[in-house]
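Asks: This is the structure I have questions about; it appears just below.
The values are calculated or read from the model by the stated rules, or taken from the named source; none is laboratory data. Here the structure is a predicted model, which is why all the values come from computation and not from measurement. As a convention, Cβ positions derive from the backbone with ideal geometry for all residues, glycine included, and neighbour counts pool all protein chains shown. Protein only, heavy atoms only, side chains kept; ligands, DNA and RNA dropped before computing areas. Shrake-Rupley method; radii C 1.70, N 1.55, O 1.52, S 1.80 Å.
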Amino acid sequence: MARRKNFKRRRIILSNTFNLIRENGMDNVSFQMIAEKSGISKSLLQSYYPHKAKLTDDVVRNILNTLDEQVKKFNPTKEGNICARTKAFIYTVAMLGIYDKGLKRIISEVFSSNETLDNWSSMLNSWVKENQIFDEDHFNLNEVEYGIAFVVTGVGRLYHDSSRFSLSAEQLADYATSSLMYSFLHCNQEQVDKALEAGHKIIKSIDIKAIHNAIDTMFDEDKEIVC
């Protein structure tokens, strides 16, 4: 019973942290604010999450899992299209930032400094391994890790300064996916073009409103969460 109660409390903490960051930005949300909104003491909050970085990482990890699940729904054929799905995933991240100012704030702040970029790359690599996004039979996982670090930095800069560069969500996804495929996955131009076209077909079927709703409700009691 105690374990179930603890898990329920973690869900509440993550939900409140997500909503506070969405509204105020990461730097403007304190442990005290999260504790008060969650109806617990700051010391109890810190018994669950000793450091704010771990708490915000878990929030972002749940966003990643939710996005991946949603992109898969619009892409029922799984064989041979991981790079196409990568494009669709990046596109969806960019579109959600356009669709929702609060989510754009979260995404932009993740890309705002070298420290958060390094943390984001590390977390994204862990998430890729946990979910077996790229398998060892087809890809060199070390090179996948290098590629993710490279792409996150480049995409982060372009996304953070999106108004300056005037790139569409799909252009951003194309640059990121082709860079990853060509430079780190050692794909030829034909393979890159094929993946980008397949990614475009997934994108055409994506319902951003449905994905946005999934993000809104990802900490509901009937949803599986990472914590």
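Asks: Would you calculate, for the chain, the mean residue ellipticity at 222 nm contributed by helices, counting each DSSP H stretch of 4 or more residues as -39,500 (n - 2.57) and dividing by all residues, to the nearest 500?
Replies: Counting only the DSSP helices, I get -23500 deg cm²/dmol.
Asks: Now for a separate question. For THR153, what accessible area in Å² do you get when you roll a 1.4 Å probe over the heavy atoms of the protein chains, rounding to the nearest 10?
Replies: Around 70 Å² of this residue is reachable by solvent.
Asks: Let me ask another. Taking a ≥ b ≥ c as the square roots of the eigenvalues of the Cα gyration tensor of the range 68-217, is the shape rounded (a/c under 1.5), prolate (a/b larger than b/c) or oblate?
Replies: Rounded shape, in that the Cα axes give a/c under 1.5.
Asks: Can you give the accessible area per residue of the range 68-217, in Å², using a 1.4 Å probe?
Replies: 55
Asks: First measure r as the distance between the Cβ atoms of GLU69 and LYS129, then evaluate 1/(1 + (r/R0)^6) with R0 = 22 Å and state the FRET efficiency to the nearest 0.05.
Replies: Efficiency computed from Cβ-Cβ geometry: 0.80.
Asks: When the solvent-accessible surface of protein heavy atoms is calculated with a 1.4 angstrom probe, in what order do ARG164, ARG61, ARG105 fall, highest first?
Replies: In descending accessible area the options line up as ARG164, ARG105, ARG61.
Asks: Take the cross-link list LYS37/LYS209; LYS8/LYS129; LYS37/LYS129 and give me the ones stretching past 29 Å between alpha-carbons.
Replies: Checking Cα-Cα distances, LYS37/LYS129 exceed 29 Å.
Asks: Please arrange TYR99, TYR159, TYR91 by accessible surface area, largest first, computed with a 1.4 Å probe and ligands excluded.
Replies: Order by accessible area, largest first: TYR99, TYR91, TYR159.
Asks: Continuing with the same structure: When the chain is treated as a GNM, springs tying every alpha-carbon pair under 10 Å, which of ALA88, ALA35, ALA176 comes out with the largest mean-square fluctuation?
Replies: In the Gaussian network model the winner is ALA35.
Asks: Still on this structure, I have one more. Roughly speaking, to the nearest percent, how much of the chain's 1.4 Å accessible area is carbon and sulfur?
Replies: 48
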